[in-house]
Each structure stands twice: as structure tokens, then as C-alpha cells.
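To keep things clear, I will list the structure first and then write my remarks on it.
Taken together, the values in this text are just the output of simple stated rules run on the coordinates, not laboratory data. Everything numeric in this text was worked out from a predicted model, so none of it was measured. For neighbour counting, all protein chains shown are included, and Cβ atoms are generated from backbone atoms with ideal geometry for every residue, glycine included.
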Amino acid sequence: MTDGSCVGEARRFCARTVQDWGWSEIDAGRLSIVVTELGTNLVRHAKEGQLWIALLPTGHEVEVIALDKGPGMADVQRSSQDGVSTGVGSPGTGLGAIRRLASDFDIHSTAQGTACLVRVRTSGSPAVAQRRWGAISIAAPGETVCGDGWAVAVDGDKLAAVVADGLGHGPHAAQASDAALDVFAEAPFASLETLVQDAHAGLQTTRGAALFVMRMEAQRLQYTGAGNVIGRVLSGVFDRSMLTQHGTVGVQLRKTEVATQEMPEHALAVLHSDGIASRWRSDEVVPLLQRDPTLIAASLLWRQARGRDDATVLVVKQGNALD
């Protein structure tokens, strides 16, 4: 976000979408205020701010994430009160208004930057349970489609997830990752070996993809795959990487081997493509362990994206797979 025209463009983009969804003027107005306030805060107060917007038509939900690299808020709770401002000449009503108008709201701020997550749904939408998982995918610079893909499926207390990274980037990479997600969607709770082998067959006509598939139930996680999609399990006192075999699904693949990882209490799993630096420090995530998984994913991608490839981060927490 560099000037006010960017804020207006984001607001109009959202307005066109929810108009097609049939939102009321009141709900569309709530979204307009949220986008305007978040964007204006970035333009006026933030360093290197960006506004990321995701449209989720299935639930008629708009997800807006504001990110920057400083200066941060020393006291987020106080800054959320009406009349309190971190900038000169501001009435201090923005963050408090955003929190009141949002369907979901979460924020984390340090001197190194702020990440703020807002979801807006229609006023009559049913309540949504606390989210167990969240993900962010960003296309490579100059591309209009992302060559990465991800998906999550739940069945009671079981959760299955996949992250695919099509070779290269652009439409052909997206074709490969989409083919992997199609295989997953057909039978997400099939054995992990079957998922990988079926994906290998289904990607034969594409350029191929790196793939990571996992199954989580209670305090036990199983995973397998091939290529440079990396997994990691961490908590405040635990940190372990999950690596898969070399190879490319759809091109060259050895026998699939499934590994098991115990999930310590309060741990979460992070999966990411190689658009994210592989050697990120655990203290990038540990302070956010209690935050919304999408906020965790966005914060990690924002700080650790290499900036030259598609980038995806998927975060899964332990707990009941309600959402």
C-alpha cells in the first residue's frame, strides 16, 4: 500500500464481489469500512505495508489481512480503544471500528511489524467454530495464478491435508498442482501411499509437482510425499522437521514411505513450499501459537518468502476438526 488510490481499488474490488453475492447494503458497508480502515492505516502509519484479500464464495466470506514491517503497536489492547491513535492527526477510531465490524478478528504486533486478520460474513451467517487450520498462497511476482495448491479435509477428529508445488510457476505449474488436489479431493482419507501413487499417475501429463500429504488424529501425525515441500512440528518446547524423499510426483518417484510423528501437547504442524526460506527460526512462530492459524501462516509467509517463486504456508493445530 503506497497511496490512497490503492485503498480505493481494494474497496471497489471487494464491493463488486459481494454485490454479485447479493449482500445487503449494510453488510457491504461493513466490509467497505474494514478495507478502508485497514488500508488507510497501512498508507499512513506502516512501513512496507500490504493488504491481502481472499474471497471465499462457499461461505460468502471475505478474508482481509494487513501486514507491515513496523513500527508496530506497543499496546494492542489500548490501541483498539476509540480515541487512541498511534499516528499524528488521526482520531483513533480505526482499529476499534474494525474489531466491532469484523466477524472474526485477530492481530499480532511487535516493533518488527504487525499482522492483522479480519473476516467479514453477512450478519445472518451462522457462527463459525474456532478455526483449526489456515493457509496462505501467493503467486510468484509477475504471475496471475499460483503454481502451488493446498487442501484440507476433516472427518470427525481426523484431518487430512495436502500441499502441492507444481514445477516452476505460472499456469503450467498450476495445472500440475490442481491435478494433485483433484486426486486428494476424490478420496482424502485413502491411505497416504495410495494418495501419492494415484497423484503420480494423475500428474503424468503435467510437468509434475512436489507433494506433501499428511493425516492428523489426536496426538499422532503421519506424512509422506516427494520433493521440496517441507513440514515442521513445533510448540514452545518442541521443534522437529518433517522431510520426504527426493523426486517429482508425476515424473520420477520411488516407493512411497510413510513416517509417523508424535504431536506434543499444544503443538502445531506447518507445511510450506520452497517459496519460503527453509531455515526459518522457531521464534518466528512460537509467539503466535495461540493466534488464528491463518494469521500464523500469513505472518510466516510475509517474513520468510523468498520473493521469486510461488509461496504457500499451511498451519494445522491440534484439536477437534470442526472447521
(Q) Quick check: residue separation of residue 58 and residue 204 times 0.36 nm, minus the Cα distance between them. What number comes out in nm? (A) 49.5 nm
Q: Name the lysines eligible as straight-distance cross-link partners of residue 69: C-alpha to C-alpha under 25 Å, and not fewer than 8 places from it in the same chain.
A: 47
Q | Charge sum, other residues only, whose C-beta stays under 13 Å from residue 33's C-beta, Lys/Arg counted +1 and Asp/Glu -1 | A | +1
Q) How large is the helix-only mean residue ellipticity at 222 nm for the chain, computed as the sum of -39500 (n - 2.57) over DSSP H runs with n ≥ 4, divided by its residue count, in deg cm²/dmol to the nearest 500? A) -9000 deg cm²/dmol
Q | Extension gain from residue 74 to residue 110, taking 0.36 nm per residue of separation minus the Cα-Cα distance | A | 12.3 nm
Q. Shape call for the range 4-120 from the C-alpha gyration tensor, a ≥ b ≥ c root eigenvalues: rounded (a/c under 1.5), prolate (a/b greater than b/c) or oblate?
A. prolate
**Q.** For Cα extents along the principal axes in Å, calculated from these coordinates, the label among (1) 55, 44, 39; (2) 63, 43, 38; (3) 69, 48, 32
**A.** (2)
(Q) Please rank 233, 120, fewest neighbouring Cβ atoms within 10 Å first, as an exposure proxy. (A) 233, 120
Q) To the nearest 0.05, what FRET efficiency results for residue 185 and residue 245 with a Förster distance of 22 Å applied to their C-beta separation? A) 0.40
